[in-house]
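Have a look at the structure below before the remarks.
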Amino acid sequence: MRYLPLTPADRAEMLGVIGAATVDDLFSDVPAEVRLSGPIAGLPNHASEMAVERHMSALAAKNISAGSAPFFLGAGAYRHHIPASVDHLIQRGEFLTAYTPYQPEIAQGTLQVLFEFQTQVARLFGVDVANASMYDGSTACWEAIAMAARVTKRGKAVLSGGLHPHYVACVETMARFTGDAIDARAPKLDAAPDDAEVIAAIDKDTACAVVQYPDILGRIPDLAAISAAAQAAGALLVVVVTEPVALGLLEAPGHLGADIVVGEGQSLGVGLQFGGPYLGLFGCREKYVRQMPGRLCGETVDADGRRGFVLTLSTREQHIRREKATSNICTNSGLCALAFSIHMSLLGGEGLARLAAVNHGRAQVVAARLAKVPGVSVLNDAYFNEFTVVLPGDAREVVRALADRQVLGGVSLGRLYPGVDALHSGLLVTATETTTDEDIEALAAALSEVLEGVPA
């Protein structure tokens with residue numbers, strides 16, 4: 001049953017106030033040729049709530065969920081085990097407060113959580129300061145480029161071919177409205193990342209070089225070398241981390257010369273959730289903090305000398321003079337940041353390192369097993385929990401055939417880079433602590449079977 005809070009008399013009275021005869025008059029500015037003239041063909045007009053529920057359940061059942069089959073997908077969204085305590089704790093009443101902590105005297109819990117979250121992100125990234133989070137990794141990536149332009153007074157960003165194509169698309173979309181020049185390139189199916197190409201593209205007009213770590217093909221770029229080249233040209237190095245668990249094993253980007261480090265926090269505490277909501281991470285050197293977007297929670301003491309927390313920096317135009325604002329997406333992903341922080345607290349530093357080691361170990365087992373499948377070659381010399389294999393045919397067709405055998409075998413590069421024929425044989429494969437020996441054997445067996453019928 002539809003919820004209709006207004007009576008016909010209510011509607012007539014409101015329309016009368018604004019001078020409209022009917023509700024249709026409100027859409028008079030919409031051209032007639034793009035307005036529906038009647039019901040949508042093929043869709044029933046009405047159905048009961050129970051009937052809709054049953055129909056939608058049947059549609060959902062056609063999907064293979066991440067937990068119901070061998071799962072090797074990654075490419076920026078990763079399946080990790082999330083302890084049950086994370087979901088339990090984020091639902092506690094202490095955290096049920098206004099999402100925006102404008103009034104510190106009544107939002108101490110929220111402010112303290114964000115302060116702890118910022119501390120964890122800063123230590124994870126190896127930077128001086130981190131903000132209270134952003135929407136997701138791709139928007140954080142664009143904000144880093146915009147910040148670099150403000151710092152350097154330049155308008156060109158050099159993007160590594162190893163940067164996730166969805167992040168590149170987000171950056172190019174935003175740059176259409178700011179006029180920034182984006183120097184982007186597609187990856188190549190090489191074992192080594194494109195560090196040399198990135199370094200060669202940095203010039204006196206470059207505000208920043210943007211490098212993913214590990215990159216979209218799972219390779220590990222040499223951040224120190226790129227940082228040195230960027231510094232020599234007066235540019236900044238922006239590092240993008242889509243899999244933060246990797247930093248349990250890899251050196252933190254800030255320790256390798258990164259000026260700004262951003263990323264996606266979904267791997268820790270936040271499930272796949274069919275694509276969102278996710279969590280943007282953002283950190284930088286302290287000397288750039290005034291140009292950092294978002295909000296920053298700080299520690300202080302009250303009039304009685306007791307420890308307290310306050311909103312220290314907020315750079316949205318509704319808080320400060322518009323011409324001084326650094327971004328208009330200065331909110332934070334409060335609930336996802338809370339889940340991230342709880343998961344990180346449960347792991348601790350040693351736990352994160354152990355988790356990372358397990359992930360890498362699982363990936364090594366998968367790579368070794370797939371290398372024995374006829375027609376499959378592993379591209380990477382180095383990787384964390386994700387690597388690329390090259391198949392004898394179109395990887396998209398192989399992925400489809402694997403799914404028909406109830407195996408989610410990876411992300412085809414043809415899907416990420418439609419129209420780039422040189423990449424169509426690439427398949428991105430991910431393993432985490434959730435990957436079992438049985439899963440690995442199922443993938444290898446299914447892949448062997450499928451490749452027998454794939455033309456080279």
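Of note:
- Heavy-atom SASA rank of VAL240, VAL289 (probe 1.4 Å, accessible area, largest first): VAL289, VAL240
- Other-chain or far-sequence residues with amide H under 5 Å of ALA181's (modelled H): LYS156, ALA157
- Proximal lysines relative to LYS287, as straight alpha-carbon distance under 26 Å, when same-chain residues fewer than 8 apart are discounted: LYS153, LYS156, LYS204, LYS324
- Computed about the Cα centre, the dipole magnitude for the stretch 364-456 is approximately 200 debye when only Lys and Arg (+1) and Asp and Glu (-1) carry charge, each at its Cβ.
- Top positive-direction residue, dipole computed over the stretch 121-198 with Cβ charges, set SER160, THR173, MET147: MET147
- Contact order for the chain, expressed relative to its length and based on alpha carbon pairs under 8 Å spaced 6+ residues apart, stands at 19 percent.
- Once the convex hull of all Cα atoms in the stretch 395-440 is built, its volume per residue stands at 68 Å³.
- Heavy-atom accessible surface of the chain, averaged per residue, reaches 49 Å², computed with a 1.4 Å probe.
- With kT/(6 pi eta Rh) evaluated at 20 °C and eta = 1.002 mPa s, and Rh the Kirkwood radius from Cα pairs, the stretch 137-178 diffuses with a coefficient of 205 µm²/s according to Stokes-Einstein.
- With R₀ set to 30 Å, the beta-carbon distance separating VAL390 from VAL365 gives a calculated FRET efficiency near 0.95.
- As a ratio to 2.2 N^0.38 Å, the alpha-carbon radius of gyration computed for the chain takes the value 1.10.
- A Cβ-based charge dipole, computed about the Cα centre of the stretch 128-192 with Lys and Arg at +1 and Asp and Glu at -1, lands at about 280 debye.
- 10 °C / 1.306 mPa s Stokes-Einstein diffusion coefficient of the stretch 342-397, Kirkwood radius on C-alpha pairs, µm²/s: 122
- Surface share of carbon and sulfur [accessible, 1.4 angstrom probe, percent] for the chain: 55
- Residue-averaged 222 nm ellipticity for the chain, from DSSP H runs of 4+ at -39500 (n - 2.57), nearest 500: -11500 deg cm²/dmol
- Working from Cα pairs under 8 Å separated by at least six residues, relative contact order for the stretch 65-220 is 21 percent.
- Once the Kirkwood radius over Cα pairs is known for the stretch 199-309, the Stokes-Einstein relation at 20 °C and 1.002 mPa s delivers a diffusion coefficient of 134 µm²/s.
- Where chymotrypsin sites (Phe, Trp or Tyr not before Pro) in DSSP loops with at most 12 other Cβ within 10 Å are excluded, longest remaining stretch of the chain: 103-456
- Looking at the stretch 18-78, the trypsin sites (Lys or Arg not before Pro) that sit in a DSSP loop and have at most 12 other Cβ atoms within 10 Å of their own Cβ are ARG35, LYS62.
- Prolate/oblate/rounded call for the stretch 53-92, Cα gyration tensor, a/c under 1.5 rounded: oblate
- Spin-label model, ALA200/THR312: points 7 Å from Cα along the beta carbon direction are separated by 4.3 nm.
- Debye log10 I(q)/I(0) at q = 0.14, 0.19 Å⁻¹ for the stretch 17-93, Cα point scatterers: -0.88, -1.00
- Straight-line cross-link partners of LYS188 among the lysines, defined as a Cα under 19 Å from its Cα and at least 8 positions apart when in the same chain, are absent.
- Cα shape, the stretch 49-200, gyration tensor, a/c 1.5 rule: oblate
- With θ taken as phi - 60° and the Karplus curve 6.51 cos²θ - 1.76 cosθ + 1.60 applied, the whole-hertz 3J(HN,Hα) list for the stretch 140-146 is 5, 4, 5, 4, 5, 5, 5 Hz, x standing for glycine and proline.
- DSSP bridge orientation in the chain - percent antiparallel, rounded to nearest 5: 55
- The chain - charge dipole about Cα centre, Lys and Arg +1 at Cβ, Asp and Glu -1, debye rounded to 20: 560
The values are calculated or read from the model by the stated rules, or taken from the named source; none is laboratory data. Fair warning: this is a prediction, and the values are worked out from it, not measured in the lab. Don't worry about glycine lacking a Cβ; one is built from the backbone with ideal geometry, like all the others, and counts go over all protein chains shown. Side chains are part of the model used for accessible areas, which takes the heavy atoms of the whole protein and leaves out ligands, DNA and RNA. Shrake-Rupley method; radii C 1.70, N 1.55, O 1.52, S 1.80 Å.
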